[in-house]
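The values are calculated or read from the model by the stated rules, or taken from the named source; none is laboratory data. Predicted, not measured: the structure shown is a model, and the values here were computed from it. Side chains included, ligands, DNA and RNA excluded: accessible areas come from the protein's heavy atoms. Shrake-Rupley method; radii C 1.70, N 1.55, O 1.52, S 1.80 Å.
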Amino acid sequence: MPVERVTGDDFFILSKTLEKNPYINGLDVRYNLISDVGAYHAAKLLQKQYNLIYINLMFNDIGPKGGELIAKALHKDTTLKYLRMTGNKIENKGGMFFAAMLQINSTLEKLDLGDCDLGMQSVIAFATVLTQNQTIKGITLNRPILYGEQDESTVHLGHMLKENHWLAELHMSKHDVKNCGLKHLCDALYLNRSLRYLDVSCNKITHDGMVFLAAVLKSNTTLEVIDLSFNRLENAGAKNLSETLTSHNRSLKALSVVSCSIEGEGLVALSQSMKTNPILSNIYIWGNKFDEATCMAYAGLIQMGRLKPDNTDVEPFVVDGHVYLAEVSNGLKKHYYWTPTYGNALCHSSNAGFSLVPVGQQL
């Protein structure tokens, strides 16, 4: 039997119920159909309800007009800390209104505009505004609609990181970042002393880019979580990282290299770095090419207690005297798009990135 989803008119009734309620401080209506009609009522609710610190509107068919209404409502809001607009196609126009809002709002700490079809203009606008905004601690700009081959948006975001000393979490997944773009980010990280969580997963970074990242990690003491999943790092990239993690870096806590075309040699090198690096506690490697040496290496780390089962996405098992690795549902942000129908939706092992770097209010 199909589940009826909340529409804009339904949200009007809900908003009226919540207007005077002093006990509700979070609202989650993700994966419904409130559309721009519901966005209008959400904007009105923000103007009348002074207890809401968290609103999740992800994937609600909100367009540019709805984005404009919500962004303008936040000009005067003094309570909301965390807003998720993920998956609403507010496009470049809506993105520009949110960028303008960040010039005025001094309360919002975390903003998720991933999968919103932002354009180059709005991404650059966010980069510009964030050189001055001192309140935002985490921002998600995943999967903008970009054209061109020059990593222009990454250049601007790199410049922002040089100037911004408050942002702790930056998500740039599916951002078309290439090696030269990663170099711009790494150049900025020599100067930045606030960023703790960098997500550049699902991009076009190769082993050449790891030369820049490995170099900056030798001196950067702030980064604690790096997500490199779904990039083509291969053995050379993994070995570059492992050398830095073995000999220099003592601040990184979690590294995800899921599905990065790494084979046994590179994976074993990363496991070896964990033996000498006492700070690196979480590593995620599923989707790469495991050989017997890889399986033995990670099984050994788990058995000796150096790598806790909750801090990795593999689990060893033995068949006919041979060690293999099975996938476990752990990761940096397994529940970003969905939550399980049973158990703890905010399980630390499945959302380790947000547990290690708790930015903003997550309800």
Worksheet item: Which translational diffusion coefficient, to the nearest whole µm²/s, is obtained for the stretch 245-354 from the Stokes-Einstein equation, given a Kirkwood hydrodynamic radius over C-alpha pairs, 37 °C and 0.692 mPa s?
Response: 228 µm²/s
Practice prompt. Please determine, in degrees from 0 to 90 and to the nearest 10, the orientation of helix 179-189 with respect to the longest principal axis defined by the Cα atoms of the chain, where the helix direction is its Cα long axis.
Written response: 80 degrees
Discussion item. Please compute the per residue accessible area over the chain with all protein chains in place, 1.4 Å probe, rounded to a whole number of Å².
Written reply: 43 Å²
Discussion item. Bins of 10 Å, beginning at zero and ending with the bin holding the largest distance: percent of Cα pairs per bin for the stretch 106-147, please.
Written reply: 28, 56, 16, 0
Discussion item. Just to confirm my numbers, what's the Cα centroid distance between the stretch 63-141 and the stretch 202-230 in Å?
Written reply: 26 Å
Item to complete: Quick one: compute the contact order of the chain, relative version, from alpha carbon pairs under 8 angstrom and 6+ residues apart, as a percent.
Response: 9 percent
Discussion item. If N is the number of residues in the chain, what value comes out of its Cα radius of gyration divided by 2.2 N^0.38 Å?
Written reply: 1.03
Worksheet item: Going by a ≥ b ≥ c, the root eigenvalues of the Cα gyration tensor, does the stretch 1-103 fall in the rounded group (a/c under 1.5), the prolate group (a/b larger than b/c) or the oblate group?
Response: oblate
Worksheet entry | Beta bridges per DSSP with both ends in the chain, % antiparallel, nearest 5 | 15 percent
Worksheet entry | the chain: most fluctuating residue of W338, W286, W166 per GNM, C-alpha cutoff 10 Å | W338
Practice prompt. Against the globular-protein guess of 2.2 N^0.38 Å, express the Cα radius of gyration of the stretch 60-153 as a ratio, rounded to two decimals.
Written response: 0.99
Practice prompt. Just the number, please: carbon plus sulfur as a percent of the accessible area of the chain, 1.4 Å probe, no ligands or DNA/RNA counted.
Written response: 54 percent
Practice prompt. Enter the angle in degrees (range 0 to 90, nearest 10) between the Cα long axis of helix 292-303 and the first principal axis of the Cα atoms of the chain, meaning the one along which they spread out most.
Written response: 70 degrees
Worksheet entry | Expected 222 nm ellipticity per residue - DSSP helices of 4 or more, -39500 (n - 2.57), all of the chain, to 500 | -11000 deg cm²/dmol
Response to the item:
Helix 207-217: inclination vs the chain longest Cα principal axis, degrees, rounded to 10, gives 80 degrees
